[in-house]
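The values are calculated or read from the model by the stated rules, or taken from the named source; none is laboratory data. The model shown is predicted, which means the values in this text are computed figures rather than measured ones. So basically every Cβ, Gly included, is an ideal-geometry build from the backbone, and we count neighbours across all protein chains shown. For the accessible areas, the whole protein counts, side chains as well, though only heavy atoms, and no ligand, DNA or RNA atoms are used. Shrake-Rupley method; radii C 1.70, N 1.55, O 1.52, S 1.80 Å.
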Amino acid sequence: DKGGHKHYMAKEIAEQPTVLTNALGYYIKDGRIELPDPGLDFTQIDRLTMVACGTAFYACLTAKYWFEQIARLPVEIDVASEFRYREPPIAKGTAALFVSQSGETADTLAALRYCEGKADKIVSVVNVPESSIARESDLPLPILAGREIGVASTKAFTCQLTVLAILAVKAAQDRGELDADGVARALDAIKSVPAMMSQALALGEQSNAVSRKLAEARDILFLGRGPMYALAHEGALKLKEISYIHAEAYASGELKHGPIALVDEHVPVIVMAPRDALFDKTISNMQEVMARGGRVLLITDAQGAKEAGPGVWDTILMPEIDPFVAPILYAIPAQLLAYHTAVAKGTDVDQPRNLAKSVTVE
Ligand code: F6R
């Protein structure tokens, strides 16, 4: 049942404020973080190793910034297919964390099994509680996204981010990096996301309009800094998966080390720039693109658009949000751009060619 939507993907994008609210209710009770038994005490952990594939890996990449910045916890991340054969040494005091919507991805499961008996604790962030990855973890953390049918992951991604953000706050609290006020502020920011998402979804027509222009492109670049670099990857993956347009993500600061050579008037450059601590730097990279004739689609809030000045090709305006949780909110335009571009191209949105929902072989 597509609930009145043309595609499961559209339905699942629209469901995000609701499913996120469910996840928040499960993990935050009376203003306090509660993990299911046996819980996780971050005073017993010195480092975190996070492993996943595809979209779930980009959730890990985003969360690395959170754990390092707010909890000062060192984080290593890798894609499961590399991790499992790299056979990395696992130091004492390591928690290994696996993120998987299906809980059955072959490489992620093999990576988890590699960590058995080596990591102090095996944690998973999963959507399917009875899955292999959940069953083989010491602490399976459900994301409560509900069944995801569209092959391109949407609501699972933002629910993964939400659970990881809560876990990062828990780590900061346990490790004494955030006091009670700091924890309360961080949790308020996380709790503000569903309502902000509803606003961003209501502004979805902006993405629809620009997608008709993106559908003409052969290559598209996504740029961001910090956690928005992770989201740039997710935006590029979503776009290539369902619209078959070649898309790449770069850290804004890497632009001048090569990829800027690609920029001309035929390559749209999507700049993801909430007004965070790195905003000015991202905007200056954006101006370098424009100075070379690049067409920039800027995703920011109204004040950000004003500060960025004139000359952009198009803008998607977002509600103003606490920079900590901006990556969760900015997933919405990344998903909508991919969705509307695919619809404009007439591709099979829910069943993209060559892809399976659950990758149970390596
Ligand atoms: C992208 C997508 C895939 C999955 C990846 C991992 O939209 O859905 O990249 O994220 O195959 O799958 P899970 O999360 O089930 O381990």
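Of the residues Ala145, Ala119, only one is assigned to a loop (DSSP other than H, G, I, E, B), out of contact with any Asp or Glu (no Cβ under 7 Å at 6 or more places or on another chain), under 28 Å from Val343 (Cβ atoms) and in contact (Cβ under 8 Å) with a residue 60 or more places away in the chain; which? Talk me through it step by step, then tell me what you get.
Values: Ala119 fails: under 28 Å from Val343 (Cβ atoms).
So the residue among Ala145, Ala119 that is assigned to a loop (DSSP other than H, G, I, E, B), out of contact with any Asp or Glu (no Cβ under 7 Å at 6 or more places or on another chain), under 28 Å from Val343 (Cβ atoms) and in contact (Cβ under 8 Å) with a residue 60 or more places away in the chain is Ala145.
Among the residues in the range 49-60, are any open to solvent by less than 10 Å² (accessible area, probe 1.4 Å), in a helix (DSSP H, G or I) and over 23 Å from Gly235 (Cα atoms)?
no
Is there a residue in the range 180-196 that is within 16 Å of the ligand (Cβ to nearest atom) and either open to solvent by 60 Å² or more (accessible area, probe 1.4 Å) or touching an Asp or Glu at 6+ places or on another chain (Cβ under 9 Å) (or both)?
At the first step, the residues of the range 180-196 found to be within 16 Å of the ligand (Cβ to nearest atom) are none.
Checking the range 180-196: not a single residue is within 16 Å of the ligand (Cβ to nearest atom) and either open to solvent by 60 Å² or more (accessible area, probe 1.4 Å) or touching an Asp or Glu at 6+ places or on another chain (Cβ under 9 Å) (or both).
Give just the number: which of (1) over 19 Å from the mean Cα position of the chain (by Cα); (2) modelled with pLDDT of 95 or more does Tyr58 not satisfy?
(1)
Tell me the helices (runs of 4 or more DSSP H) entirely within the range 160-216 that contain at least 3 residues that are modelled with pLDDT under 95. Give the steps one after another, and end with the answer.
On the way: elements: 180-191, 193-202, 205-214.
Output list reads 205-214.
If the Cβ limit is 6 Å and pairs must be 6+ apart or interchain, which residue in the range 19-35 that is over 20 Å from Asp181 (Cβ atoms) pairs with which residue that is open to solvent by 20 Å² or more (accessible area, probe 1.4 Å)?
Final answer for the pair search is Val19/Gly146; Asn22/Leu144; Ala23/Leu144; Tyr26/Leu144.
Could you tell me which of the residues Val349, Val361 is within 16 Å of the ligand (Cβ to nearest atom), surrounded by 17 or more Cβ atoms within 10 Å (Cβ to Cβ), among the β-branched types (Val, Ile, Thr) and under 23 Å from Thr105 (Cβ atoms)? Quick ask: steps written out before the conclusion?
Working: Val361 fails: surrounded by 17 or more Cβ atoms within 10 Å (Cβ to Cβ).
Step by step, each of Val349, Val361 is checked, and only Val349 is within 16 Å of the ligand (Cβ to nearest atom), surrounded by 17 or more Cβ atoms within 10 Å (Cβ to Cβ), among the β-branched types (Val, Ile, Thr) and under 23 Å from Thr105 (Cβ atoms).
Which pairs have Cβ atoms under 9 Å, sit 6 or more apart or on different chains, and link a residue in the range 126-138 that is under 10 Å from Leu109 (Cα atoms) and without any contact (Cβ under 8 Å) to a residue 24 or more places away in the chain to one that is part of a helix (DSSP H, G or I) and of a type in the set (Lys, Arg)?
none
Only one residue in Glu87, Glu116 is modelled with pLDDT under 95 and surrounded by fewer than 22 Cβ atoms within 10 Å (Cβ to Cβ). Which one? I'd like the intermediate steps shown before the answer.
Details: Glu116 fails: modelled with pLDDT under 95.
That would be Glu87, the only listed residue that is modelled with pLDDT under 95 and surrounded by fewer than 22 Cβ atoms within 10 Å (Cβ to Cβ).
Looking at the range 127-153, which of its residues are open to solvent by less than 50 Å² (accessible area, probe 1.4 Å), at negative phi and away from the ligand (no atom under 14 Å from the Cβ)?
The first filter runs over the range 127-153 and keeps only residues open to solvent by less than 50 Å² (accessible area, probe 1.4 Å), leaving 127-128, 131-134, 137, 139-143, 145-146, 148, 150-153.
Imposing the further condition that a residue be at negative phi reduces the set to 127-128, 131-134, 137, 139-143, 145, 148, 150-153.
Selection gives Leu139 alone.
What single numbered condition from (1) of a type in the set (Phe, Trp, Tyr); (2) touching a Pro at 6+ places or on another chain (Cβ under 6 Å); (3) within 13 Å of the ligand (Cβ to nearest atom) fails to hold for Tyr65?
Among (1) of a type in the set (Phe, Trp, Tyr); (2) touching a Pro at 6+ places or on another chain (Cβ under 6 Å); (3) within 13 Å of the ligand (Cβ to nearest atom), the lone unmet condition for Tyr65 is (3).
From the residues in the range 204-258 that are basic (Lys, Arg) and closer than 25 Å to Lys11 by Cβ, which one is least open to solvent (accessible area, probe 1.4 Å)? Explain how you work it out, then say what you get.
Taking the range 204-258 and keeping what is basic (Lys, Arg), we get 212-213, 218, 225, 238, 240, 256.
From what's left, closer than 25 Å to Lys11 by Cβ: 212, 238, 240.
Details: Arg212: 131, Lys238: 2, Lys240: 76 Å².
Residue satisfying both the conditions and the ranking: Lys238.
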